[in-house]
Amino acid sequence: MSKKVYESPTILKIQSSMSKAGLPSMQHKIRDNIDGISISELINAYGSPLFVFSESKMRSLYQEAYEAFSSRYPNVQFGWSYKTNYLKAICSIFHQEGAIAEVVSEFEYEKARNSGVEGKDIIFNGPYKPYHSLLTAAKEGAKIHIDTFDEISDLEKVSDELGVKVPVAIRLNMNTGIEPQWSRFGFNIESGQAMDAVRRIEAGGKLLITGLHSHIGTFMLDANAYKLQTVKMVNLMKEIESNTDFIIEYLDVGGGFASKAHLKGLYQPPEVVVPSIDDYAEAITSALYENLESGNYPKLYLETGRHLIDEAGYLITSLTGTKRLPDGRMNYIMDAGVNLLYTAFWFKYNLELAEKRDGMMEPSLVNGPLCMNIDIIDDSVMMPRLKRGDHMIISPVGAYSITQWMQFIRYRPAVALIDTQGKHHLIREAEELKDIETREVLPEYLKA
């Protein structure tokens, strides 16, 4: 019998965070399937790394959110936030559920139209909208939300070109007690800038203000901020209608509702600190009822993204190499990193293994495959001893991972969808060299 190789012991102070419940868990989490499809079957079908989305989870999250608002307020419309995840299959699911499209660029506008969404069912936001995109949006009846005085001038030219008055909304920013305040988007209420924009539009005589819009932040953990936002928007609506001939038909309170992701720096788990969708709905709708005259209820728009999809997304990764670091931690190198998980800089993910592994739990560093020192998935996680080829499932990663991923050093992987019947489908192919080089042009003198 061969003698076992001696490995010297490592003494390392555990830096893992603790909750009020005490020490971190000494049991690693196992996820051997997603919606009943085994991890091994998914990898065999599409390779690793692999993004996987659950259609059942997306639909249930949407239905829960819609019910929370529509059961409290008579006239509600959700807009699916394209910047959160603009894959055609994903957008189609939310459009089937009844959401219109909310876009923040001409690229996203074109993507929505290409997916069959009519112009009248598109909310056009964003601080930069090229003239040609404003012209198209106005022609097609989109809801254009003005962000700057320059955009007012552009839209007046559009009005001249089309020979009609163009319905618009203005974007607002305000103090709701949240820091940092998102003051760079739209017109400020407290300084009077918002009413200045209203008067500027009124004086031009070429645009009609029919809506007000405000998006006060992202991953909002204080539902009361939405109540303050809604009150200020209603008060501005009253001021506009009292001093001009404009009639405000809708209020768009934006998005920013948090998911059950673990934001770095938070002491308590998301189950404790993240408001429920009912908390958000109650804050917004109660403010409407308390500040509007009975029967005078404008349409309420919401631009929810993260809350509807984050927990429906998973990233399956494979372990490619291991080593012991000088500080004593085990180092695990996966085949996916911050190239696919830009949000890793802000969130601490759930890391689950596809199979149970025996052995002592020890502090570990989980890296991606990039030749960059900042390619860190988790710098302080307790793991048993893993081996090359083991699979790790990272979640929740449904929000912003696809739209913010980078084509850097490695090809972007395939994306799969598991439908409500438990069948899996390819919804985006893994990239190849031709995908990267198709737009490149090599001058003749360099071809020799």
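Throughout, read-outs are computed from the coordinates displayed, never taken from laboratory work. All values reported here derive from a predicted model rather than from experimental measurement. So basically every Cβ, Gly included, is an ideal-geometry build from the backbone, and we count neighbours across all protein chains shown.
Measuring r between the beta carbons of L162 and N243 and using R0 = 35 Å, the FRET efficiency lands at 0.80. Here is the tail figure for the range 291-342: Cα pairs spaced more than 13 Å apart come to 77 percent of all pairs. Between E429 and S183, what is the FRET efficiency for a Förster distance of 45 Å, r being their Cβ-Cβ separation, to the nearest 0.05? Given R0 = 45 Å and the Cβ-Cβ separation, E is 0.60. Below 14 angstrom from the Cβ of N291, what's the summed charge of the other residues (Lys, Arg +1; Asp, Glu -1)? Summing Lys/Arg as +1 and Asp/Glu as -1 gives -1.
Of K139/K165; K57/K227; K129/K157; K143/K165; K120/K157, which sit over 18 Å apart, Cα to Cα? Where the Cα-Cα span goes over 18 Å, the pairs concerned are K57/K227; K120/K157.
Phi angles across the range 115-131 convert, under the Karplus curve 6.51 cos²θ - 1.76 cosθ + 1.60 with θ = phi - 60°, into 3J(HN,Hα) values of 8, x, 7, 6, x, 5, 9, 10, 9, 10, 9, x, x, 9, 10, x, 3 Hz, Gly and Pro given as x. Relative to the dominant Cα principal axis of the chain, helix 277-291 is inclined by about 20°. On the principal axes of its alpha carbon atoms, the range 56-309 extends 53, 39, 37 Å, with the longest extent given first.
Only Lys, Arg, Asp and Glu carry charge here, each on its Cβ (+1 for the first two, -1 for the last two); on that basis the range 56-309 has a dipole of about 520 debye about its Cα centre. Candidate cross-link partners of K323 among the aspartates and glutamates, defined by an alpha-carbon separation under 19 Å and a same-chain spacing of 8 or more, comprise E7, D335, D358, E362, D375, D378, D379, D390.
Under Stokes-Einstein, with the Kirkwood radius over Cα pairs as Rh, the value for the range 328-448 at 20 °C and 1.002 mPa s is 128 µm²/s. When the Cα positions of I209, M233, N243 are compared along the charge dipole of the range 178-250, I209 comes out farthest toward the positive end, with charges on each C-beta of Lys, Arg, Asp and Glu. Here's how it looks for V381: its modeled amide H is under 5 Å from those of S364, which are all 5 or more places away or on a different chain. What angle, in degrees between 0 and 90 and rounded to the nearest 10, separates the Cα long axis of helix 55-70 from the longest principal axis of the Cα atoms of the chain? Roughly 40 degrees between the two axes.
With +1 on the Cβ of every Lys and Arg and -1 on the Cβ of every Asp and Glu, and nothing else charged, how large is the dipole of the range 100-158 about its Cα centre, in debye rounded to the nearest 20?
Around 160 debye, computed over the range 100-158.
Couplings 3J(HN,Hα) of the range 387-395, computed from phi: 10, 4, x, 5, 10, 10, 10, 10, 7 Hz, in residue order, whole Hz [Karplus 6.51 cos²θ - 1.76 cosθ + 1.60, θ = phi - 60°; x for Gly and Pro].
Relative to the Cα centre, the charge distribution of the chain, modelled as +1 at Lys and Arg Cβ and -1 at Asp and Glu Cβ, gives a dipole magnitude of about 1520 debye. Within the same chain, lysines fewer than 8 places from K434 are excluded, and of the rest, those with a Cα less than 18 Å from its Cα are K447. What angle do you read, to the nearest 10 degrees and between 0 and 90, between the alpha-carbon axis of helix 193-204 and the longest principal axis of the chain? Approximately 50 degrees, to the nearest 10.
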